[in-house]
Amino acid sequence: MSVLPRHHRVTWQWLLAFVPVSAFATPVTLPQALIAAQDYSAELSASRHQADALDNRAGLAMQLPDPKLKFGIENLPVSGGNTDRFTREGMTMERIGIMQDYISSDKRQRKADTLRAESREVAATRQSIRARLQREAALAWMEMAIGGQTVSQLQKLVDESQHQIGVQRGGVSGGSGGSSLPASVLDARLTLISMQDKLTEAGRDVQLARTRLSQLTGIGQPEINGAIPSFTELPAQALQAGSVEQHPEIIQARREAEVAQAKSSQSAIAALPDVGVEVYYGHRADGYEDLAGVMFTVDLPLFTASRQDKDHAADQSMAMESNDRLAQRVRDHQAQLTSLLTQYQAATTLWQRQKNDVIPLQQQRISVIQAQYRAGKSSLNEVLDARRNLIDSQIAERNAALEVARYWVALRYLAPQEIH
């Protein structure tokens, strides 16, 4: 059997090392990212299972306890001449019976109501999780998209600067050694390095956003696909009447108050006695009659003032506490919404000023200095310095845009949105 030479034994892992990372990139639109984040979330799945468990327990709460089988020997002599005899003492009998506990239907109903209220509370928590996932995934996606545009702009400026430095350096006589280069070229190279540092930082921010989006969605190498939503317009959700009331955290607080009220209603009838019924049959020795009977057990809540009443009073206090917390949370969220609107409007103004005024002025300045440079009236350093200033302005514009996007996402996903 022929054997391939060692250098021809190429594994697929070795070949994989030469495939560019972009070959594994997955284009993701914003709606796709939001759906993927919801589908991938273990926290959301756990909440769903928790609600299912509570619903099942609520159905079980309406059922009576399982009956009990009771059997054994009664009145077996342990002293005298009939010790350990099963057939000589008339009172000795083999007994078998069925026992059933009967719990008040009201108590069962209120226990089921409490469990259903807890299930609704978990469902409200799930909506809070959905809203948070949508906010985080949308923000990561938009940071990637906006940051990617900035990286492209910075890369273009850096490439132009590198080309011009190369042309000037090639025109300098005396070789390419650092010690023989004029100060103007050295200054230009230092300026270029500063520009490259800013480009590296911008690329780092994009990669961090990609990592975050991958963590949220489970997509290995997500890439931006589709247009960036217009975040210059205030989301309609923030202007709807009662938007605070529909916030998932407010709904969650309301469900917490409902659970506390349900527990108070449950403890209000805790003193209702439960009843147990036992039916039995007893077989005695030959010559003695068999016996049958029925027995009842009833709870005796004789000390309700120090037991059930105190428990109910505690539940009532917790219900009132939940109502107070709900009222406070509504006020807090109303203040937060007002603050978000104010910050969004201010951030939008700053971003538009940076985008529409500062950057065009910087670009005009570059055009003027480049024209002077071609006419021999300015140096390359002045051109590069103007480009560096433009890079600074573009980074500031990106940061301003991201600030607007953050507030827009917070307002857009106050409550979880149905994604299609």
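The values are calculated or read from the model by the stated rules, or taken from the named source; none is laboratory data. As the structure is a computational prediction, the values presented were derived from the model and not from experiment. Every residue, glycine among them, receives a Cβ derived from its backbone with ideal geometry; neighbour counts consider all protein chains shown. Ligands, DNA and RNA are excluded from the accessible area calculation, which covers all protein heavy atoms including side chains. Shrake-Rupley method; radii C 1.70, N 1.55, O 1.52, S 1.80 Å.
How much net charge surrounds ASN75 when only other residues with a Cβ under 15 Å from its Cβ are counted (Lys, Arg +1; Asp, Glu -1)?
-2
Going toward the positive end of the dipole of the stretch 261-382, with +1 on Lys and Arg Cβ and -1 on Asp and Glu Cβ, which of ALA271, GLY293, GLN328 do you reach last?
My answer, from the dipole projection, is GLN328.
Hey, got the dipole for the chain? About the Cα centre, +1 on K and R Cβ, -1 on D and E Cβ, debye to the nearest 20?
Rounded to the nearest 20 debye, it is 1940 debye.
Any idea what the relative contact order of the chain is, in percent, if you count C-alpha pairs under 8 Å spaced at least 6 apart?
25
Taking LYS263 as the anchor, which lysines have their alpha carbon closer than 26 Å to its alpha carbon, excluding any fewer than eight residues away along the same chain?
The qualifying lysines are LYS107, LYS111, LYS310.
Taking a probe of 1.4 Å, how large is the accessible area per residue of the stretch 252-376, in Å²?
Value for the stretch 252-376: 64 Å² per residue.
Test of understanding: express the Cα radius of gyration of the chain as a ratio to 2.2 N^0.38 Å, with N the residue count.
1.77
Only helical DSSP H runs with n ≥ 4 go in: add -39500 (n - 2.57) per run for the chain, normalise by residue count and round the 222 nm mean residue ellipticity to 500 deg cm²/dmol.
Value at 222 nm, helices only: -22000 deg cm²/dmol.
Any lysines with Cα under 19 Å of the LYS198 Cα? List them, leaving off those in the same chain fewer than 8 positions away.
LYS156, LYS355
Expressed as a whole percentage, what fraction of the accessible surface of the chain belongs to carbon and sulfur atoms when a 1.4 Å probe is rolled over the protein heavy atoms?
54
Can you give the FRET efficiency to the nearest 0.05 for ALA396 and MET320, using r as the Cβ-Cβ distance and R₀ = 56 Å?
Once the sixth-power term is evaluated, E becomes 0.65.
Counting each pair of different Cα atoms once, what's the Kirkwood radius of the stretch 271-409 in Å, rounded to one decimal?
23.8
Go through the stretch 330-420 and name the GluC sites (Glu not before Pro) that are in a DSSP coil and have 16 or fewer other Cβ atoms within 10 Å of their Cβ.
GLU418
Hydropathy first: keep DSSP H helices in the chain averaging at least -0.5 on Kyte-Doolittle, then drop any whose Cα extent along the axis falls short of 20 Å, and list what survives.
In the chain, the long hydrophobic H runs are 42-61, 183-217, 359-374, 380-412.
Quote the Stokes-Einstein diffusion coefficient, in whole µm² s⁻¹, for the stretch 17-101, based on the Kirkwood radius over alpha carbon pairs, a temperature of 20 °C and a viscosity of 1.002 mPa s.
Calculated translational D: 104 µm²/s.
Using the alpha carbons of the stretch 345-420, what is the convex hull volume per residue in cubic angstrom, as a whole number?
Taking only Cα atoms, the stretch 345-420 has a hull volume of 97 Å³ per residue.
With all pairs of different alpha carbon atoms counted, what Kirkwood hydrodynamic radius in Å does the stretch 207-294 show?
Taking every pair of different Cα atoms in the stretch 207-294, averaging 1/r and inverting gives 21.5 Å.
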